[in-house]
1. Relative contact order, percent, of the chain when contacts are C-alpha pairs under 8 Å separated by at least 6 residues?
2. Under 17 Å Cα to Cα from Lys338, which lysines show up? Leave out anything in the same chain fewer than 8 places away.
3. Rounded if a/c is under 1.5, else prolate if a/b beats b/c, else oblate: with a ≥ b ≥ c from the C-alpha gyration tensor eigenvalues square-rooted, which is the range 234-295?
4. So, taking all protein chains as they sit and a 1.4 Å probe, how much accessible area belongs to Lys212, in Å² rounded to tens?
5. Compute the distance in nm between two label points, each set 7 Å from the Cα along the Cα-to-Cβ direction, one at Ser479 and one at Gln256.
6. At a Cα cut-off below 19 Å, give the lysines reachable from Lys672, other chains included and same-chain residues fewer than 8 away excluded.
7. What does the charge add up to near Ala360, with Lys and Arg as +1, Asp and Glu as -1, over the other residues with Cβ less than 12 Å from its Cβ?
8. How big is the gap, in Å, between the Cα center of the range 410-439 and the Cα center of the range 207-256?
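The values are calculated or read from the model by the stated rules, or taken from the named source; none is laboratory data. The structure displayed is predicted, hence computed values, not measured ones. Backbone-built Cβ (ideal geometry, glycine too); neighbour counts: all protein chains shown. Just so you know, the surface numbers come from the protein's heavy atoms only, side chains and all, with ligands and any DNA or RNA stripped out. Shrake-Rupley method; radii C 1.70, N 1.55, O 1.52, S 1.80 Å.
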Amino acid sequence: MTITSQGSSQGLNQIGNKISELRDRIAHHQYRYYVLDAPEISDAEFDSLFRELRILEEQNPELSDPNSPTVRVGGAVADRFQKVQHQVPVLSLANAFGEEDLHRWRDRLLSLLPEDEQARLAYVVEPKFDGLTVVLQFDDGQFTLGATRGDGETGENITPNLRTVHQLPLQIPVTEANGRSGMQPPERLIVRGEVYVEESDFLSFNREQAEKGERTYANPRNFAAGSLRLLDSGISAGRPLKLWTYQIFLEEGLDQSPPSHWDSLKHLRAFGFPVCDESRRFDDSEWEELVGFVSSWHELRERLPYDLDGMVVKVDLLAHQEQLGFTGKDPRWAVAFKSGGEEATTKLLDIGVKVGRTGAVTPNAVLEPVSIGGVTVQAATLHNVDYIEELDIRIGDTVLVKRAGDVIPKVVRPIKDLRNGTERPWNMPANCPSCLEPLERPPEEVATYCVNNACPDQLVRKVEYFVSRGAMDIVGMGSKQAELFVDTGYVKTLADIYRLPWVELEEIEGYGEKRIGNLQLAVEDSKSRGATRLLTALGIRFVGNVVAELVMSQFDSIHELMEADLESLSEIEGVGPKIAEALVSYFRLKPNKLLVQSLADLGVSLADPDRKQEPVAQAQPFSGKTFVITGTLPTLSRAEAKARIEAWGGKVTGSVSAKTDFLLAGEKAGSKLKKANQLGVPILAEQDLLQAANSEE
Ligand code: IVH
């Protein structure tokens with residue numbers, strides 16, 4: 001059929017009817033083709049209907065309609081997206097990692113529902129689509145607004161881009177579809193869904209882009225999200241975006257709304273929305289079956305042409321959903337089940353190097369953030385230079401990243417098919433990124449080392465390790481503090497941790513009296529961890545907790561260990577020549593010997609708590625003497641003074657008595673000073689104490 005003329009208002013009216021009829025027919029065929037995957041006419045027939053509508057609309061611009069099927073080709077170009085306030089908050093989902101979590105979730109539901117309601121408890125399990133959440137609004141059956149989730153309160157208006165997604169009905173109900181023409185649209189309907197891209201469409205798009213030397217995407221999810229947020233909807237229209245809808249947010253002006261989630265899905269289907277038919281409903285009595293279905297989601301994932309991010313389990317009855325309510329941002333009535341989904345592809349943005357505490361320099365991947373098993377990953381290890389060379393990993397590559405258990409994520413391999421020629425090979429830098437000294441690679445080793453003992457990054461790592469839980473366990477000290485104290489120059493060797501100038505720290509932002517006090521106590525407390533922990537904390541090669549324990553079971557203190565020879569160490573069960581060699585070479589070096597001595601001088605115990613402190617370890621000028629401390633001392637904290645007195649053989653008690661040998665008094669000394677005077681106990685100032693100790697040495 002061809003259109004030749006128009007003119008009179010009657011003609012216009014006829015044309016209007018014709019246009020309207022064509023729109024309905026095309027919408028119907030688009031629905032048959034894109035949603036039901038069951039076309040009734042050939043592509044050629046469809047194309048001719050479409051062409052006819054296009055021509056009529058071009059000739060009669062006054063009859064244009066933002067929801068005509070012709071808008072699916074896009075065209076509107078924005079300079080930026082307008083913000084949209086969501087009428088209903090777009091909430092997220094809590095995760096259940098594994099079956100245990102899932103059982104706990106159900107137990108909680110049962111504990112929250114009244115007993116007479118528990119028998120009616122039922123669930124719907126759906127795939128968790130891995131795309132971009134969208135919120136779709138229909139007023140009197142017309143698609144009026146489409147938005148991204150944003151922060152859940154405010155999203156971005158991406159209506160023109162969404163109009164290009166073929167599964168999205170532009171008017172509901174889709175006329176004549178499935179013989180349900182009698183359905184009335186609600187005054188307002190707000191629906192939630194997910195826009196996604198199929199795996200094969202993603203791969204072929206990337207391949208074409210790579211051939212043209214243009215931008216590729218790291219995974220289908222990023223592709224979908226990126227395509228939907230293009231400012232030119234004409235470009236979005238060329239992208240193979242698809243849609244699933246899965247939740248009714250709001251339905252106004254209907255006599256009867258669906259009472260359950262399962263019915264909502266049917267209701268959405270009846271309007272012509274795309275609703276995935278992999279969902280299943282389970283009664284609570286079928287719980288074990290549900291768990292089996294959910295746990296085998298990997299099989300479903302393999303079978304489907306698009307990616308899943310787990311499964312969602314939802315309480316079916318809306319009345320129950322309402323009763324269960326929310327915690328924070330998550331509904332109690334739904335949970336996302338994830339497990340074992342440990343791999344993902346993403347872009348390798350850069351390769352950085354990190355200096356470890358032994359000086360080993362390891363390359364690590366800087367990744368475009370990607371969610372793996374529910375955790376966002378943006379860094380991963382690349383092990384060493386050989387690993388990168390053997391796998392031919394290049395900056396800019398799309399890489400497969402794996403996360404297994406709690407292990408640090410690793411880059412498994414590059415996806416070479418996705419290269420577009422802009423990828424760059426990487427080389428280990430010649431100099432240490434921290435101290436700029438040349439790096440060395442011993443011929444028989446795969447690792448590259450910074451051999452500068454004074455390298456700041458190495459020291460930071462050493463401090464981090466020294467204070468960590470398995471070592472000296474200094475609560476309140478972590479990576480940040482290690483970096484801060486090394487950067488500010490307070491810590492130049494591990495012993496300096498026990499020489500921190502507490503008063504000065506108050507100058508540092510965020511370091512108030514209380515925080516410093518706590519840190520000081522934690523540092524003091526760590527002095528009595530004992531030899532095994534200290535030996536671990538020194539970070540000697542091959543000497544972790546277990547080896548340290550084996551070794552220290554044979555020596556009374558670290559002093560004694562330092563004197564041991566290779567032979568006696570090798571004889572210890574579980575130690576052997578390699579570890580023995582590492583210990584001997586460590587203690588042979590003067591700076592290491594000095595470090596141990598300084599630690600001892602500062603009051604760090606070199607023996608395990610249940611062994612006696614080695615008597616010859618240091619000079620004991622106050623051996624057998626009892627001290628009491630009172631008032632504020634000019635430089636030492638009370639804890640430090642106590643540690644010194646103890647290190648020098650003395651004992652510190654809390655109250656003055658006839659048995660007290662000395663009172664160490666500072667400013668604002670009160671009742672203890674009075675009592676000492678009464679009893680004739682000698683009073684020392686801090687300076688006297690330090691001098692007395694030195695003169696005895
Ligand atoms: S229900 C309050 N069902 O997963 C109800 N969400 O972690 C919460 N998602 O971005 C949403 N498939 O959009 C639900 N079948 C499905 C889903 C699904 C994917 C997305 C959701 C959100 C994320 C929540």
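1. Numbers: 1216 pairs, mean separation 62.5, N = 697.
Reported as a whole number, the value is 9 percent.
2. Those lysines meeting the cut-off are Lys128, Lys314, Lys402.
3. Numbers: a/c = 3.47, a/b = 1.31, b/c = 2.65.
Because a/c hits 1.5 or more and a/b fails to exceed b/c, the range 234-295 counts as oblate.
4. 130 Å²
5. With each label placed 7 Å out from Cα toward Cβ, I get 5.9 nm.
6. Once the sequence-local lysines are set aside, what remains near Lys672 is Lys625, Lys642, Lys651, Lys659.
7. Values: positive: Lys354, Arg357, Arg441, Arg461, Arg541; negative: Glu440, Glu445, Asp457.
It works out to a net charge of +2.
8. Rounded to whole Å, the Cα centres lie 32 Å apart.
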